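Everything on this sheet refers to the single structure shown next.
The values are calculated or read from the model by the stated rules, or taken from the named source; none is laboratory data. On a predicted model such as this, the values are computed, not experimentally measured, just so you know. Heads up, the Cβs are rebuilt from the backbone with ideal geometry, glycines too, and the neighbour counts pull from every protein chain shown.
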């Protein structure tokens with residue numbers, strides 16, 4: 001078995017900032033005057049590189065602020081402990097882990113009491129006389145914001161799903177009217193579009209987001225996402241993929257791995273090739289194999305994996321620097337999309 005790559009070579013930077021993100025950011029800022037608390041939700045698999053620090057000065061300010069790390073079912077208990085330690089030291093102690101696919105999740109049960117306590121112990125300024133509480137949920141694409149609202153609403157009000165949910169990024173494109181999630185106290189929650197930064201300067205961080213579905217797969221490339229997953233698994237000495245692909249040993253080449261996997265799973269397709277003479281010839285169905293490989297990873301079938309190195313505490317500050325964004329840059333882009 002040949003040695004594995006020490007680093008992942010990239011051919012281009014990955015950036016995705018469609019017009020609706022800029023529009024949504026303006027709408028979110030316009031709503032802040034009527035918001036009592038901000039819920040910032042992220043994917044627990046990318047707790048460092050997946051957090052947009054610009055939210056702090058653009059959308060949080062001095063509002064009561066809770067960080068929710070969703071998809072906790074996809075990480076290990078030890079990773080959860082390390083993440084909690086990092087966040088309490090560098091971000092906030094107001095941290096909740098959730099699994100929005102489980103209506104019995106203990107984190108979901110903590111949301112309403114924490115929101116109530118934080119608002120009641122804050123200065124609501126011009127909203128001091130309002131009986132109902134308004135909260136806003138913010139985050140990057142495809143971290144489960146709409147699912148979070150639906151399950152919180154179902155848990156506290158016994159109401160059916162109210163917001164559209166899909167497994168791809170960019171479904172929510174505007175700030176919705178507020179949705180009631182609690183009667184005692186009365187709490188409304190604004191759903192918002194996922195917001196990335198216009199320029200992601202760290203390609204590795206961008207690839208981690210792509211692996212978790214925060215970029216559209218077709219914009220990034222299925223083979224590229226699958227290759228980064230293979231790189232990550234090998235770096236973590238996780239070789240569970242070998243049995244799926246019918247490999248005798250770990251492999252560091254995504255083309256080789258998926259080719260052998262296609263043969264093993266009989267996922268070949270017919271293609272006419274003039275170079276090989278007349279007639280049809282079989283070739284690996286790389287699109288099918290890449291999609292399958294990506295989905296297996298996202299469903300934690302290779303294990304519960306965090307993409308960030310949690311042992312490197314100093315990386316959190318570096319991630320913030322990589323996502324650094326000046327407020328005027330966001331609005332200058334509005335006429336160019």
Helices (runs of 4 or more DSSP H) completely within the stretch 174-262 that count 1 or more residues being outside the structural domain of residue 35 (by TED's automatic domain parsing), at pLDDT 90 or above and within 30 Å of residue 37 (Cβ to Cβ): 203-211
Test: residue in the stretch 89-106 that is buried (at least 19 other Cβ atoms within 10 Å of the Cβ) and part of a helix (DSSP H, G or I): no
Selection count where residues are surrounded by fewer than 17 Cβ atoms within 10 Å (Cβ to Cβ) and touching a residue at least 60 places away in the same chain (Cβ under 8 Å), scope the stretch 281-296: 2
Check on residue 227, within 15 Å of residue 5 (Cα to Cα) and surrounded by 13 or more Cβ atoms within 10 Å (Cβ to Cβ): yes
Flag for residue 96 being closer than 16 Å to residue 182 by Cβ and either at pLDDT below 95 or in contact with a helix residue (DSSP H, G or I) (Cβ under 9 Å, 6 or more places away or on another chain) (or both): yes
Residue in the stretch 268-280 that is in contact with a strand residue (DSSP E or B) (Cβ under 6 Å, 6 or more places away or on another chain), more than 23 Å from residue 70 (Cβ to Cβ) and at pLDDT 95 or above present: no
Qualifying residue in the stretch 54-73 (condition: in a helix (DSSP H, G or I), modelled with pLDDT of 85 or more and over 18 Å from residue 194 (Cβ atoms)): yes
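Before we move on, is residue 189 in contact (Cβ under 8 Å) with a residue 24 or more places away in the chain, under 20 Å from residue 52 (Cβ atoms) and within 16 Å of the chain's Cα centre (by Cα)?
Considered against the rule, which asks whether it is in contact (Cβ under 8 Å) with a residue 24 or more places away in the chain, under 20 Å from residue 52 (Cβ atoms) and within 16 Å of the chain's Cα centre (by Cα), residue 189 comes out as no.
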Residues of the stretch 50-85 satisfying the condition of being surrounded by fewer than 19 Cβ atoms within 10 Å (Cβ to Cβ), closer than 25 Å to residue 297 by Cβ and either in contact with a strand residue (DSSP E or B) (Cβ under 7 Å, 6 or more places away or on another chain) or touching a residue at least 60 places away in the same chain (Cβ under 8 Å) (or both): 73, 76, 80, 82, 84
Where residue 302 falls short, out of the listed (1) part of a helix (DSSP H, G or I); (2) closer than 30 Å to residue 78 by Cα: (1)
Hey, residue 196 over 13 Å from the mean Cα position of the chain (by Cα) and surrounded by 18 or more Cβ atoms within 10 Å (Cβ to Cβ) or not: no
